[in-house]
Amino acid sequence: MELAAGHVESLVLAGCGHHPAEETPEAMPAALTAFLAPYRDGRGTSGAFSARGARAGAATD
């Protein structure tokens, strides 16, 4: 994913296979909340572009 995106983080949820929301219902929202916090606070939207060339957070078709 690092070749296609500028901000990639990996996280291994212990005891989880292919369905993190079902297999680790407490850990999944906590991980997403921590990852998305900078975007919610406005610190993570520094004009980064996705692999498709759209501005992060911008609406695309």
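Worth a mention:
- Efficiency of FRET from Cβ geometry, Val8 and Ala30, R₀ 22 Å, rounded to 0.05: 0.70
- Residues of the range 1-28 with an amide N closer than 16 Å to a point placed 7 Å from the Cα of Arg40 along the Cα-to-Cβ direction: 26-28.
Read-outs: derived from the displayed coordinates by stated rules, not from any lab. Because the structure is a prediction, the values reported are computed rather than measured. A quick note on method: Cβ atoms are made from the backbone with ideal geometry, for glycine too, and the neighbour counts reach across all protein chains shown.
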